1. Convex hull over the alpha-carbon atoms of the stretch 1-127: what's its volume per residue in Å³?
2. Most exposed first by the Cβ proxy, i.e. fewest other Cβ within 10 Å, how do Trp55, Trp115, Trp124 rank?
3. What does the charge add up to near Thr87, with Lys and Arg as +1, Asp and Glu as -1, over the other residues with Cβ less than 11 Å from its Cβ?
4. Can you run phi through the Karplus equation (6.51, -1.76, 1.60; θ = phi - 60°) for the stretch 85-92 and list ³J(HN,Hα) in whole Hz, with x for Gly and Pro?
Amino acid sequence: FLPCMYALAFVFGLIGNALVIIIYIFCEKLKTLTDVFLVSLATADLLFLSTLPFWAYSAAHEWIFGSVTCKIIRGLYTLNLYTSMLTLTCITIERFIAIVQATKAHVNQAKRMVWGKVICILVWVMSVVFAIPQFIYSTQSTYDKSICHATYPSRLVELVLKVLQMTLGFLIPLLTMIICYSIIIKTLLHARSFQKHKSLKIIFSVVVVFILTQLPYNFLILLRNIYLEFYLDYNYDAAVVITEAIAYLHGCLNPILYFFIGAKFRKNVQKIMKNIRHVKHQGFMKQWQTTEENINQSSNKYQLSLTTFLPP
């Protein structure tokens, strides 16, 4: 079950997020700050998706890749988690400024682009800091079989790190997004201008899907650090496996949301597919013309040889 799910997420996520980056960089030319943040989000997802083949093999067999790879793979998942959460918070705040404080946003648009790119870099730096414990404490251990997991110096260190990560990297950004979206929705309802902000539908969907896929798994992990009895609970272990699989699926979901909700994104995808078909058709026609020319040349050579060797 898990290897198949990870394989599907890897294939669809790789294609989808590569398309997102191509469209926003080459088609949209990163016109808005939201475009910059969405490219950052897709980059984080691609980094995470690169770890799925390792998790797929580990789920089917056991961890055979060693402690160094374990540190990198677990670190990349944590990096993706916090990069995504903080980036979505930045997008929410950017939309809040654009809608609730529209006049100020329009006047300072150039400055916002510059500051947005700086904030984007800071988000990655902060996410790396949040991921450092996973890069340090993750290791390969052998019980019934070899596994990749985090081994902390003490339970207190683990609990403090988990609570800090969950509070600063997840709960505070989540609270910020809830407050911002509440004010945004109230403002749009009052102004009756929902149609002017169609992009908000996409962003809101991305935020909701991210929270629904990530919160259950991270909540269960935090719960186990608080209550030790969960370590021996079979139902808890089953819940962790299911929620972990759902959490790992999020890497391929954003492009699907962009395609089905965003008309502009869908048009750009269709344009790219049309161009690919056109290039393939041109390649086929060129190959066909070359083949026809080769046949004609061979035929001419054959006729020439007949003229040369046959008696008059």
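Coordinate-derived values only; no laboratory data. Just so it is clear, the structure is predicted and the values come from calculations on it, not from any experiment. Every residue, glycine among them, receives a Cβ derived from its backbone with ideal geometry; neighbour counts consider all protein chains shown.
1. Hull volume over Cα atoms, normalised by residue count, gives 106 Å³.
2. Values: Trp55 23, Trp115 12, Trp124 17.
With the fewest neighbours first, Trp55, Trp115, Trp124 line up as Trp115, Trp124, Trp55.
3. Numbers: positive: none; negative: Asp45, Glu94.
Local net charge: -2.
4. 5, 5, 5, 5, 5, 4, 4, 4
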